[in-house]
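What follows is one structure encoded as structure tokens, with my remarks underneath.
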Amino acid sequence: MSWPHIHQIFSQNLFLHPGRKMTLELQLDEVLKSLQNEELERFKWYLQRKELLNGANAVSTSELEGADRKKVVNVLMQTYGGTAKNISITILTKMNRNDLAHQLNDQV
């Protein structure tokens, strides 16, 4: 792989261009990184409870069993698409992590 090709790949990296908007996946990843392991388990527990998701579909236990943060982001995106942000804000609020809910909500 040539240097210009490598440079082109890395120059598209959002961290090298702070003015660019973060993708929803990166936003969710950043928020989930802020959760302690026990909090992540609670977040996953909420995802499995339709009655706690304001009518959104629940995620099956098997999809989240042993899932790390990146896997949870992938499941969120596959299950909820563009509404993954709102689902995550709802869960974070129910977990009393309003700081992270506001952080996610404030990101464009």
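The values are calculated or read from the model by the stated rules, or taken from the named source; none is laboratory data. Predicted model only: the values in this text are computed from it and were never measured. Cβ: placed from backbone, ideal geometry, glycine included. Neighbour counts: every protein chain shown.
Descriptive notes on the structure:
- Where Y80 falls short, out of the listed (1) surrounded by fewer than 16 Cβ atoms within 10 Å (Cβ to Cβ); (2) more than 20 Å from Q36 (Cα to Cα); (3) in contact (Cβ under 8 Å) with a residue 24 or more places away in the chain: (1)
Yes/no matrix, rows are residues, columns are (1) modelled with pLDDT of 95 or more; (2) surrounded by fewer than 18 Cβ atoms within 10 Å (Cβ to Cβ):
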site: D68; (1), (2): yes, yes
site: I89; (1), (2): yes, no
site: L100; (1), (2): yes, no
site: Q103; (1), (2): no, yes
site: V108; (1), (2): no, yes
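- Within the stretch 20-63, restricting attention to residues that are in contact with a helix residue (DSSP H, G or I) (Cβ under 7 Å, 6 or more places away or on another chain) and among the aromatic types (F, W, Y), the residue that is surrounded by the fewest Cβ atoms within 10 Å (Cβ to Cβ) is Y46.
- Test for G81: is it of a type outside the set (K, R), on the phi > 0 side of the Ramachandran plot and assigned to a loop (DSSP other than H, G, I, E, B): no
Yes or no, residue by residue, for (1) out of contact with any Leu (no Cβ under 9 Å at 6 or more places or on another chain); (2) among the aromatic types (F, W, Y):
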residue: Q36; (1), (2): yes, no
residue: W45; (1), (2): no, yes
residue: L53; (1), (2): no, no
residue: S60; (1), (2): yes, no
residue: V72; (1), (2): no, no
residue: T79; (1), (2): no, no
residue: T83; (1), (2): yes, no
residue: S88; (1), (2): no, no
residue: K94; (1), (2): no, no
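- Among the candidates L40, L35, residue that is modelled with pLDDT of 95 or more and not in a helix (DSSP H, G or I): L35
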